[in-house]
Amino acid sequence: MAARRRLARVPWGLLVAVAALFVPAIGSRFYTFVATDIAIMALFAVSLNLLLGYGGLVSFGHAAYFGIGAYACGILMKVHAVPFSVALPAAGLLAAVFAALFGFFCVRLTKIYFAMLTLAFAQIVWAVSFKWNSVTGGEQGMSDVPYPDLSGLAWVPGLAGYRTSDHFYVLTVGLVAACLWILRRVVRSPFGRLLTTIRENPERTEFIGVDVRRHELLAFIIAGLFAGIAGGLFGIFNRGVFPDFAYWPKSSDVLIMTILGGMGSFYGPAIGALILIILNQEITSYTEYWPFVLGILLITLLFLFPGGVVGALGGLVRRLERMRRA
Amino acid sequence: MLRRSLLVTLTAALALLLPSYARGEKIKVGFPIILSGGGALFGEPAMKGAQMYVEEINAAGGVLGRPIELIVRDTKGNADEAVRVARELILKDNVDFLVGTVTSAEGPAVSVVAKENKIVFIAPIPKTDQLTAPEKLHPYVFRVAANTTVEGRSAAEVVAKWNVKQIATIGPDYAYGQDVTRAFVSWIKKLKPGVEIVDQEWPKLGEADYTPFINAMMGKKPDAVFSCLWGGFFVTFAKQAKPLGLFEAVKLNVIAVGEAGSPETAKTMGSDYPFGIWGNSYDAFYWHPSPAHRDYAERLSKYLKDPYPSSWAIQGYTGMQFLVEAIKKAGSTDSEKVAKALLGLTIDTPIGRQTLREKDHQADRGQLYGKMTLDPAIGFAVMKPPTYIDPSRFMD
């Protein structure tokens with residue numbers, strides 16, 4: 001027990017974030033590329049987990065806010081030449097506004113009806129981005145979203161030798177770390193505790209005078225906000241925004257990351273993002289049957305480790321302790 | 001149980017730490033293409049065509065004395081997956097060149113990656129004009145496919161010879177359908193100012209029920225129809241239009257682009273094909289313009305073990321052929337030099353002489369057009385006769 005407490009006191013999140021800053025120093029552009037992908041998807045997955053793990057709300061349409069954020073940031077930066085420092089927060093805000101609008105209806109439903117409605121709204125977002133040729137570029141999307149101007153970063157010691165994509169990576173890690181820190185504050189706040197209470201028993205929470213719907217809606221908006229920021233970053237990283245960003249497979253991808261990593265812990269979904277991206281990367285270079293591998297992985301996971309990878313590791317630590325005490 | 005979860009994590013971590021670094025003697029060509037889902041119908045044969053060419057070149061000693069290695073990756077038909085795969089090919093597999101992509105979303109998306117990494121990218125299938133439009137053009141992108149302007153105008157050239165006045169169009173409601181239809185309409189009006197477009201139908205991409213569109217169209221009493229429903233969508237459309245009597249109503253004055261005249265589509269439909277209409281195709285095994293093409297068709301037939309080999313293979317084949325000829329001409333695998341060598345390069349392909357135009361990096365690629373007639377010997381429709389429409393006079 002003592003060992004666990006000592007382990008828990010280490011600021012793991014901060015350590016990982018600082019360590020992540022040194023990835024470009026290894027010198028391989030490929031590592032930086034993969035690490036950027038992981039950092040962004042980690043934020044996306046953790047934002048979903050606010051609903052899934054903390055609020056007990058299964059959203060099948062989280063990609064909608066990711067897509068809205070990506071389009072907002074991409075259009076602002078590419079078409080209107082708005083600087084990144086304005087475009088990214090605007091992307092997050094717009095995603096939050098849409099989350100408020102859609103969430104207003106979604107939280108009126110529960111369980112599978114809630115899930116279906118989130119999916120329905122996401123499909124609407126996808127259909128609009130697919131059809132609205134003059135704004136979103138339609139099916140062809142919007143390629144060549146510019147990198148933010150990060151020449152300022154070159155002044156930071158140690159960063160001078162980095163490439164544009166490395167600078168963007170450093171920025172991404174910083175932003176993702178900040179967003180995760182905020183999200184962690186949110187789940188540990190009284191609001192976060194209430195959210196967990198609602199998950200455990202919505203009726204009883206209602207009886208003690210808590211406005212369940214309002215709390216759920218607020219969680220929905222916060223999750224949408226951070227998904228929008230992740231989307232904005234991803235559009236730049238991906239060098240273009242496409243309707244696929246809001247399509248349902250994206251929603252299921254992030255759902256899988258969250259479940260794979262473990263929705264019972266704050267960083268679980270981030271670990272899930274890490275594992276899923278690396279596995280996808282490696283397996284698709286050998287076979288085109290990635291969905292088959294993923295299916296087997298999920299079945300194994302759901303039956304053997306319902307707590308995800310982090311849940312399983314936690315179990316391992318507990319067992320080791322018991323062995324040591326015995 | 002617990003050990004296994006550790007194993008997964010460890011394998012994942014190890015997998016990241018052990019990428020292949022070795023940059024051997026081989027010339028590596030990344031080939032991102034759709035290999036799953038509906039688009040695989042075009043992606044797979046294009047990839048096979050490229051593979052056949054590579055095997056032939058390697059058997060003959062390679063290029064600059066070095067063998068070529070084709071690294072194929074599935075793009076799943078998603079633009080963002082295509083971008084991911086293309087960057088992975090460049091950053092992890094260290095490919096020297098990229099050839100590939102199918103859809104009009106994938107092509108321009110991968111073009112951005114090619115530009116940023118200064119890697120030559122040859123697109124064998126995407127048709128969107130945007131790929132090589134002036135504002136998107138950069139030194140490293142090239143296309144050996146026909147573009148939407150060429151396809152629409154070629155169809156107009158055919159229809160201009162018909163004795164028709166009132167034309168209806170039908171096409172999927174997204175970039176490709178709109179662009180081809182626009183190119184057709186503006187060109188036919190230029191060629192035959194008396195022509196009137198009486199109706200335009202825009203079913204959504206992937207529509208399964210064309211009946212309301214067909215009825216609306218027939219209500220306008222056109223005497224000719226232009227369709228750019230491609231692949232399986234044309235099959236569905238034609239099967240639904242037949243019992244409604246659309247083809248008789250316009251006296252078979254129908255031109256179906258989007259490769260509706262390809263041997264693959266004709267074979268799929270068999271005797272259900274609306275014989276008598278006009279279709280187009282990139283290639284046809286029964287087309288014999290030269291001994292070189294006859295030889296190519298025979299080699300392909302053997303390679304694919306198919307008596308009626310695919311018409312899409314030629315796109316992968318000519319894409320790779322252009323690349324290899326440019327490497328030879330440049331005497332180097334440096335992308336910058338190869339890109340320069342590709343400008344204005346003319347080569348002899350199985351379908352005849354092709355040139356990559358210097359001004360817009362676009363090959364003067366036309367397509368085959370012909371009246372679809374049942375060939376009793378093989379049991380499906382063929383273009384009779386298949387006529388190659390050379391676009392060089394109306395590309396600009």
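The values are calculated or read from the model by the stated rules, or taken from the named source; none is laboratory data. Nothing here was measured: the structure is a model prediction, and the numbers come from that model. So basically every Cβ, Gly included, is an ideal-geometry build from the backbone, and we count neighbours across all protein chains shown.
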**OP:** Could you check how many residues of the stretch A:112-134 are of a type in the set (Val, Ile, Thr), more than 14 Å from chain B (Cβ to nearest Cβ) and under 11 Å from A:ALA64 (Cβ atoms)?
**Re:** 3
Subject >> Output for the stretch B:237-261, where each listed residue is closer than 12 Å to B:ASP223 by Cα and acidic (Asp, Glu) >> reply: B:GLU248
Original post:
If you go through the stretch A:73-89 one residue at a time, do you hit one that is over 28 Å from B:LYS136 (Cβ atoms) and among the hydroxyl-bearing types (Ser, Thr, Tyr)?
Top reply: no
**OP:** Starting from residues that are in contact with a Gly (Cβ under 8 Å, 6 or more places away or on another chain) and not hydrophobic (A, V, I, L, M, F, W, C), keep the ones in the stretch B:218-261 and report whichever is nearest to B:VAL195 (Cα to Cα).
**Re:** B:SER227
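Rundown of residues vs (1) over 30 Å from A:GLY138 (Cβ atoms); (2) in contact with a strand residue (DSSP E or B) (Cβ under 9 Å, 6 or more places away or on another chain); (3) modelled with pLDDT under 80; (4) surrounded by 22 or more Cβ atoms within 10 Å (Cβ to Cβ), yes/no style:
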| site | (1), (2), (3), (4) |
| --- | --- |
| B:ARG4 | yes, no, yes, no |
| B:LEU17 | yes, no, yes, no |
| B:TYR21 | yes, no, yes, no |
| B:ALA50 | no, yes, no, yes |
| B:ALA59 | yes, no, no, no |
| B:GLY100 | no, yes, no, yes |
Subject >> Hey, B:ALA292 surrounded by 22 or more Cβ atoms within 10 Å (Cβ to Cβ) and touching a residue at least 12 places away in the same chain (Cβ under 8 Å) or not >> reply: no
Original post:
Could we say that B:LYS165 is of a type in the set (Lys, Arg) and over 26 Å from the mean Cα position of the chain (by Cα) here?
Top reply: yes
Original post:
Give me the pairs: first residue in the stretch B:297-312 and part of a loop (DSSP other than H, G, I, E, B), second residue among the polar types (S, T, N, Q) and surrounded by fewer than 23 Cβ atoms within 10 Å (Cβ to Cβ), beta-carbon distance under 8 Å, and six or more apart or on different chains, which are they?
Top reply: B:PRO307/B:SER301; B:TYR308/B:SER301; B:PRO309/B:SER301
Subject >> Test: residue in the stretch A:259-266 that is surrounded by 24 or more Cβ atoms within 10 Å (Cβ to Cβ), in contact (Cβ under 8 Å) with a residue 12 or more places away in the chain, at negative phi and within 13 Å of chain B (Cβ to nearest Cβ) >> reply: yes
Original post:
Could you count how many residues in the stretch B:174-194 are out of contact with any helix residue (DSSP H, G or I) (no Cβ under 9 Å at 6 or more places or on another chain), surrounded by fewer than 20 Cβ atoms within 10 Å (Cβ to Cβ) and small (Gly, Ala, Ser)?
Top reply: 1
Subject >> Restricting the stretch B:105-124 to residues that are in contact with a helix residue (DSSP H, G or I) (Cβ under 7 Å, 6 or more places away or on another chain) and part of a helix (DSSP H, G or I), the residue that is nearest to B:LYS76 (Cα to Cα) >> reply: B:GLU106
Original post:
Out of B:LYS136, B:LYS127, which single residue is within 14 Å of chain A (Cβ to nearest Cβ), assigned to a loop (DSSP other than H, G, I, E, B) and within 19 Å of B:THR318 (Cα to Cα)?
Top reply: B:LYS127
**OP:** Taking the options A:GLY209, A:GLY231, name whichever one is small (Gly, Ala, Ser) and part of a helix (DSSP H, G or I).
**Re:** A:GLY231
**OP:** List the number of the failed condition for A:PHE303; all other conditions in (1) within 22 Å of the chain's Cα centre (by Cα); (2) among the hydrophobic types (A, V, I, L, M, F, W, C); (3) farther than 24 Å from B:ALA40 by Cβ hold.
**Re:** (1)
Subject >> Count of the stretch A:175-190 residues which are in a helix (DSSP H, G or I) and exposed (fewer than 15 other Cβ atoms within 10 Å of the Cβ) >> reply: 6
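Let's see how each residue does on (1) basic (Lys, Arg); (2) within 16 Å of the chain's Cα centre (by Cα); (3) at pLDDT 95 or above:
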| position | (1), (2), (3) |
| --- | --- |
| A:ARG199 | yes, no, no |
| A:GLU206 | no, no, no |
| A:ARG214 | yes, no, no |
| A:ALA230 | no, yes, yes |
| A:ASN238 | no, yes, no |
| A:TYR247 | no, yes, no |
| A:LEU255 | no, yes, no |
Original post:
Here are B:VAL95, B:VAL120: which of them is within 13 Å of chain A (Cβ to nearest Cβ) and surrounded by 21 or more Cβ atoms within 10 Å (Cβ to Cβ)?
Top reply: B:VAL95
Subject >> Verdict on B:ARG84 being within 13 Å of chain A (Cβ to nearest Cβ), touching a helix residue (DSSP H, G or I) at 6+ places or on another chain (Cβ under 9 Å), in a strand (DSSP E or B) and not β-branched (Val, Ile, Thr) >> reply: no
Original post:
Which pairs do you get when a residue that is over 21 Å from B:MET47 (Cα atoms), found in the stretch A:282-297, comes within reach of a residue that is part of a helix (DSSP H, G or I) and not small (Gly, Ala, Ser), reach meaning Cβ atoms under 6 angstrom, with the pair 6+ apart or on two chains?
Top reply: A:VAL293/A:ILE283
**OP:** Out of B:ALA377, B:ALA341, B:ALA330, report the one residue that is assigned by TED's automatic domain parsing to the domain that holds B:TYR140, aliphatic (A, V, I, L, M) and free of Cβ contacts under 8 Å to residues at least 12 places away in the same chain.
**Re:** B:ALA330
Subject >> Residue within the stretch B:232-243 that is over 25 Å from A:GLU139 (Cα atoms) and touching a Ser or Thr at 6+ places or on another chain (Cβ under 6 Å) present >> reply: yes
Subject >> Unique residue being more than 14 Å from chain A (Cβ to nearest Cβ), more than 18 Å from A:ASN133 (Cα to Cα) and either touching a Pro at 6+ places or on another chain (Cβ under 7 Å) or buried (at least 22 other Cβ atoms within 10 Å of the Cβ) (or both) when the list is B:ILE197, B:ILE167 >> reply: B:ILE167
Original post:
If we keep just the residues of the stretch B:77-110 that are small (Gly, Ala, Ser) and farther than 13 Å from B:ILE122 by Cβ, which is nearest to the chain's Cα centre (by Cα)?
Top reply: B:SER104
Subject >> Exclusive hit being touching an Asp or Glu at 6+ places or on another chain (Cβ under 7 Å), of a type in the set (Lys, Arg), in the same structural domain as B:GLY270 (by TED's automatic domain parsing) and closer than 21 Å to A:GLU139 by Cβ, set B:LYS204, B:LYS220 >> reply: B:LYS204
Original post:
Can you name the residue in the stretch B:133-154 that is more than 15 Å from the chain's Cα centre (by Cα) and not hydrophobic (A, V, I, L, M, F, W, C) and is also nearest to B:GLY100 (Cα to Cα) among such residues?
Top reply: B:TYR140
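Matching residues to (1) at the interface with chain B (Cβ under 10 Å from one of its Cβ atoms); (2) surrounded by 24 or more Cβ atoms within 10 Å (Cβ to Cβ); (3) within 19 Å of B:GLY77 (Cα to Cα):
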{"residue": "A:ARG214", "(1), (2), (3)": "no, no, no"}
{"residue": "A:ILE221", "(1), (2), (3)": "no, no, no"}
{"residue": "A:ILE229", "(1), (2), (3)": "no, yes, no"}
{"residue": "A:GLY240", "(1), (2), (3)": "yes, yes, yes"}
{"residue": "A:PRO249", "(1), (2), (3)": "yes, no, yes"}
{"residue": "A:ILE278", "(1), (2), (3)": "yes, no, no"}
{"residue": "A:PHE292", "(1), (2), (3)": "no, no, yes"}
{"residue": "A:LEU302", "(1), (2), (3)": "no, no, no"}
Original post:
Which one of A:PRO89, A:PRO146 is within 14 Å of chain B (Cβ to nearest Cβ) and either crowded, with 21+ Cβ neighbours inside 10 Å or modelled with pLDDT of 85 or more (or both)?
Top reply: A:PRO146
